[in-house]
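What follows is a short report on a single structure.
The values are calculated or read from the model by the stated rules, or taken from the named source; none is laboratory data. Predicted model, so just to flag it, every value in this text is computed and none were measured. No Cβ is skipped: glycine too gets one built from the backbone with ideal geometry, and neighbour counts run over all protein chains shown.
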Amino acid sequence: MTEPTEREDRAILEALAALDAEAPEAPPRAGDAAAAGPWGASPEETEAQETLRRLYLETLGLLAYAAEPAAPPPGARERLLAALGEGRGRPAEPPAAPRAAVVPFAAPEDPEHAAGSGFEEPLRRPAPRRRGRSGALAALAAVLLVAAAGVAGWLYLELDRSRGAVARLEEERARLAERLSRQEALIHRGGQIDGVLAAVSTPGVEVCPLHPMGDPPVAPGAFAILYMPPGSGTWYLLGSNLRPAEGVYLVWLNTPRGNVPAGVLESGKQSILELDAAAFGDLSDLTSITVTVEPSPDMPEPQGPTVLYGDEKMTVL
Amino acid sequence: MEPPASPDPYRSAGDAALVRAVGEGSREAVAELYDRFAPMLLGLARRVVQDPAEAEEVVQEAFVHLWNRARGYDSARSSVATWLALVTRSRAIDRIRNRTVVERTHAAAGRESDGGHASAEGAARVLDGERRRRVRAELAGLPDEQRQVLDLAFYGGLTQREIAERTGIPLGTVKTRTLLAMKKLRAALRDEIRELL
């Protein structure tokens with residue numbers, strides 16, 4: 001299993017390597033055989049790795065915005081479009097407008113020819129028929145109307161197709177954003193676990209177990225442990241078996257001066273609350289830690305039932 | 001049925017949808033992408049090649065690349081903005097790598113006399129302006145030594161080893177500084193990255 005820091009460093013190096021890729025639109029995925037290297041990553045790790053690589057590639061892409069933008073000189077856009085040439089795929093043509101009916105050559109009106117004169121008369125265009133000017137205009141108008149209807153129909157279909165494509169891409173974007181959030185949460189949790197492991201293994205770490213309260217217990221089976229590594233401003237509260245409640249599990253640091261809300265401990269089989277102890281001021285007179293169920297994380301004082309309580313500090317290492 | 005009133009679907013389309021339209025041969029989509037990204041790309045190219053005329057050629061090459069390779073674009077791998085930026089950067093770096101000393105001298109002389117094109121402030125979008133402001137602020141907030149290695153890597157096209165050789169800093173230190181800078185930037189530009197996805 002790859003350590004989170006190593007994984008992140010590797011993602012950065014992959015993103016930097018993509019800068020010099022021959023085809024930047026297709027940098028190697030983190031999971032590609034060539035890119036997997038000796039790590040032997042699991043599918044979950046590979047996905048996390050790919051997400052990280054993507055995040056760092058986008059970070060590099062953003063560096064382009066640090067340069068002073070420049071307005072393209074006049075005509076540059078037109079020169080570009082002219083340079084694109086006609087060689088590659090072109091937009092689908094709109095459906096052809098219905099053509100005017102082809103008028104076959106009329107039969108000769110000359111009765112002599114009509115009767116047959118002993119030889120085949122070559123087909124020739126008859127003398128133009130005399131038609132009223134208004135009739136010709138009406139015919140032209142009809143043709144134009146049909147053509148306009150055809151173009152309108154094509155435009156509508158094109159618009160509909162474009163909207164469908166945009167909608168699909170929006171869905172894709174939403175899926176990607178959700179996946180990104182999940183991966184970031186995983187990475188964040190990985191970082192927290194790293195912190196907990198470091199805290200737990202710090203020589204002289206102080207530990208305060210929190211026991212369930214109530215008879216019967218408000219949260220049966222739940223417990224928590226607060227780790228306070230010496231010399232570190234970060235404490236970790238690890239909760240276990242906290243079932244979802246109608247409210248939030250709010251943590252309180254209790255001193256003779258009052259109760260200080262310290263954050264929300266999420267429900268779940270395992271949950272971690274990272275405490276910036278320095279932010280709470282002097283905690284040398286800390287007497288106990290409690291977890292209560294409150295309707296809101298913004299409660300100034302504990303009002304709900306106490307779920308967990310701990311007042312016994314011990315040094316385990 | 002009346003077609004819905006939306007005169008320009010390209011203007012309202014997302015970047016990825018436009019690239020797909022380019023893949024199907026739409027010049028209108030190329031034009032729209034040009035309007036969206038050319039100021040940023042031209043600024044990037046100028047920063048790298050240090051020559052306005054050459055920068056315009058670089059951007060044109062990038063859009064020709066887009067025209068020819070749009071079907072190969074994979075939105076799961078990078079945003080359109082990043083893709084175009086990296087293509088442009090790559091073309092610009094190729095230019096400076098291929099330059100002779102004489103050409104560099106000429107380019108520098110041209111730079112001195114160049115009045116530049118009109119300000120892009122009017123052309124750049126408000127969103128781009130905000131994004132630019134954030135990126136610059138975060139870059140400015142990096143320690144000098146970290147910003148230096150990023151500059152040399154991104155705008156100078158140097159590898160980590162080349163940066164070490166040029167600056168006389170040990171390779172390990174270059175890597176450490178690069179990693180630290182990238183981690184800080186990713187964390188600081190989180191919202192901007194989300195906008196790109």
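Looking only at residues of region B:179-197 that are among the acidic types (Asp, Glu) and under 12 Å from B:ALA81 (Cα atoms), we find that the one that is nearest to the other protein chains (Cβ to nearest Cβ) is B:GLU192.
Of the strands (runs of 3 or more DSSP E) that lie entirely inside region A:198-277, those containing 3 or more residues that are of a type in the set (Ser, Thr, Tyr) span A:234-242. The set of residues in region A:180-212 that are surrounded by 15 or more Cβ atoms within 10 Å (Cβ to Cβ) and over 18 Å from A:SER271 (Cβ atoms) comprises A:LEU180, A:GLN183, A:ALA198, A:THR202, A:VAL205, A:GLU206.
Taken over region B:168-188, the residue count meeting the criterion of being assigned to a loop (DSSP other than H, G, I, E, B) and either among the aliphatic types (A, V, I, L, M) or in contact with a Lys or Arg (Cβ under 7 Å, 6 or more places away or on another chain) (or both) is 1. Scanning region B:56-67 for residues that are at the interface with chain A (Cβ under 7 Å from one of its Cβ atoms) and either under 16 Å from the mean Cα position of the chain (by Cα) or surrounded by fewer than 19 Cβ atoms within 10 Å (Cβ to Cβ) (or both) gives B:GLU56, B:GLN60, B:PHE63, B:VAL64. Remark: A:THR306 matches the filter, which requires a residue to be β-branched (Val, Ile, Thr), surrounded by 11 or more Cβ atoms within 10 Å (Cβ to Cβ) and either at pLDDT 90 or above or touching a helix residue (DSSP H, G or I) at 6+ places or on another chain (Cβ under 9 Å) (or both). With respect to (1) under 16 Å from A:PRO209 (Cβ atoms); (2) surrounded by 11 or more Cβ atoms within 10 Å (Cβ to Cβ); (3) modelled with pLDDT under 90, the lone exception for A:MET314 is condition (2). The condition of being modelled with pLDDT under 85, loosely packed, with under 10 Cβ neighbours inside 10 Å, among the basic types (Lys, Arg) and assigned to a loop (DSSP other than H, G, I, E, B) does not hold for A:ARG88. When region A:278-298 is filtered for residues that are at pLDDT 90 or above and not in a loop (DSSP other than H, G, I, E, B), the ones remaining, listed by number, are A:SER288, A:ILE289, A:THR290, A:VAL291, A:THR292, A:VAL293, A:GLU294. Can A:ALA277 be described as under 16 Å from A:ALA199 (Cβ atoms), in contact with a strand residue (DSSP E or B) (Cβ under 9 Å, 6 or more places away or on another chain) and small (Gly, Ala, Ser)? Answer is yes for this residue. Restricting the first member to region A:266-280 and to residues that are closer than 13 Å to A:VAL251 by Cα, and the second to residues that are of a type in the set (D, E, K, R), the beta-carbon pairs closer than 9 Å and six or more apart or on different chains are A:SER267/A:ARG243; A:ILE272/A:ARG189; A:ILE272/A:GLU266; A:LEU273/A:GLU266. Checking each residue of region B:44-60 against the condition of being of a type in the set (D, E, K, R) and under 21 Å from A:ALA15 (Cβ atoms) gives at least one match.
Based on this model, can you work out whether B:ALA81 counts as among the small types (Gly, Ala, Ser) and more than 9 Å from chain A (Cβ to nearest Cβ)? It is false that B:ALA81 is among the small types (Gly, Ala, Ser) and more than 9 Å from chain A (Cβ to nearest Cβ). In the set (1) touching a helix residue (DSSP H, G or I) at 6+ places or on another chain (Cβ under 7 Å); (2) within 11 Å of chain B (Cβ to nearest Cβ); (3) modelled with pLDDT of 65 or more; (4) surrounded by 22 or more Cβ atoms within 10 Å (Cβ to Cβ), A:PRO27 fails one condition alone, (3). Restricting attention to region B:71-88, the residues that are in contact with a Leu (Cβ under 9 Å, 6 or more places away or on another chain) and either crowded, with 24+ Cβ neighbours inside 10 Å or part of a helix (DSSP H, G or I) (or both) add up to 10.
The residue that is farthest from A:PHE223 (Cα to Cα), among those in region A:288-317 that are touching a residue at least 60 places away in the same chain (Cβ under 8 Å) and aliphatic (A, V, I, L, M), is A:LEU317.
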